[in-house]
Structure formats: C-alpha cells, structure tokens
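The values are calculated or read from the model by the stated rules, or taken from the named source; none is laboratory data. Fair warning: this is a prediction, and the values are worked out from it, not measured in the lab. For neighbour counting, all protein chains shown are included, and Cβ atoms are generated from backbone atoms with ideal geometry for every residue, glycine included. Areas reflect the complete protein model, heavy atoms only, side chains present, ligands, DNA and RNA absent. Shrake-Rupley method; radii C 1.70, N 1.55, O 1.52, S 1.80 Å.
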Amino acid sequence: MASLAPLRPAGPFLALAAASLALDAAPQVPWAAGVAGAGFFATAAVVRRGQAAAGRRAARRVADDRILRGHGVPNWREQELTSHRARVSRQREVRRIVRAASAERLPSASPLNRAAVRSSAALLAALVDRLGDDRPVSAAGILHVDQLLRDADSPLYGEHDALLPRAITRVLGALEP
C-alpha cells in the first residue's frame, strides 16, 4: 500500500476543498461558489505539496554534500540511502546501463561509453551483486554509485576506457561501511 506521507503537507487544503464542495449540498449557496472554493483550495494544496517537495530536495542536497565531505551522516538520510528500495533502484540502473551497452543492441543517442562498459562488465556485475547482498553499505558509497551512474563527468560517459574499471573499484570500496 502506498504511503500517504507525500500528501501530508497538502492535507489541510484538501480537507478545505472537500468542505467547500460540501457547501454545494446547501440549497441557498450557489453551486459555483462551492466549486470555485474547492478549486482554490485544491490549487493551494498542489502548491504546498510542491513547496514541501522542493524543501526535501534541498535538505537532501545539503545532507549529501555533508556526507561526501565527511562531515557526518544525518540519520534520516542514511536510512534513505541505504534502504533496500534505494539499493534495488541502483541495481536496476546498473543493469539497464549494461544492457544498453550490449553489442547486440543498436547504438542509441545515449552518451554512454559502450566499449568501456562492455570491458568492465565483470566489475559492474560485482557492483550489482554488492548492492543486492545482505551486508550493510555506507551512505557515502551509495552517493558514489549515484555519481558513477548519473554524473556527466563519470567514466561511464567519458572517452577514456581505462578510467572506468578504477572508478568502479573505488565505488565498490566506498560501499563498505
């Protein structure tokens, strides 16, 4: 079952929107007033939810910067990064990259260095296995995985094939708590 936590900041506005729609049951209140009020409150709920999401993204950026600089790991961020869900997500992403670099697939518009990925397939498989095993991982290691997979300056997307095996080896080392 999906969590209702993302709706929590918008909750009061959603309740007011429902109450506004309930005004339509009163015959002396024009129906347009109830619908307009519900629309305003629903719009406010969407705005409030967006503000809360932006605040969470900013807090994650600050926490990630602190983690990578070695200034401590906020407990809430460590739990997010090292959760089973986060690890499975990174596993899928690595598998998707390996599949995209396969010799059987046609090249795409992706800037992926396919030759380097194919030559480092064993190390990438080790990374997938490490993310999938039951041993704990470090939050900083997960952030290094993110940099490897998503950063435009990553050896996955660079021209120098020799850099990728070293980068994957560093990431595997960083995953150790």
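Some observations on this one:
- When the surface is traced with a 1.4 Å probe over the full set of protein chains, Asp151 keeps roughly 70 Å² accessible.
- Using alpha-carbon coordinates, inclination of helix 121-132 to the longest axis of the chain, degrees: 40 degrees
- From phi via Karplus (6.51, -1.76, 1.60), per-residue ³J(HN,Hα) for the range 84-95 in Hz, x at Gly/Pro: 4, 4, 5, 5, 5, 4, 5, 4, 4, 5, 5, 4
- Considering only Asp24, Asp161, Asp153, the mean-square fluctuation computed in a Gaussian network model of the chain, springs between alpha carbons under 10 angstrom, is largest for Asp24.
- Considering only Pro136, Pro111, Pro27, the mean-square fluctuation computed in a Gaussian network model of the chain, springs between alpha carbons under 10 angstrom, is largest for Pro27.
- Rg of the Cα atoms in the chain, relative to 2.2 N^0.38 Å, amounts to 1.48.
- Counting only protein heavy atoms and a probe of 1.4 Å, the accessible surface of the range 1-120 is 62% carbon and sulfur.
- Cβ-Cβ distance of Asn75 and Ala162, R₀ of 25 Å, FRET efficiency by 1/(1 + (r/R0)^6): the value works out to about 0.05.
- Å² of accessible area per residue within the chain, as computed with a 1.4 Å probe and no ligands counted: 62 Å²
- Mean-square fluctuations from a GNM of the chain, with a 10 angstrom spring cutoff on Cα atoms, peak among Ala58, Ala22, Ala122 at Ala22.
- Excluding exposed DSSP-loop GluC sites (Glu not before Pro) (at most 10 other C-beta within 10 Å), longest clean stretch of the chain: 1-103
- Axis of helix 139-150 versus longest Cα principal axis of the chain: the two differ by about 80°, to the nearest ten degrees.
- Sites matching trypsin sites (Lys or Arg not before Pro) across the range 104-177 that sit in DSSP coil, with at most 10 neighbouring C-beta atoms within 10 Å: Arg105
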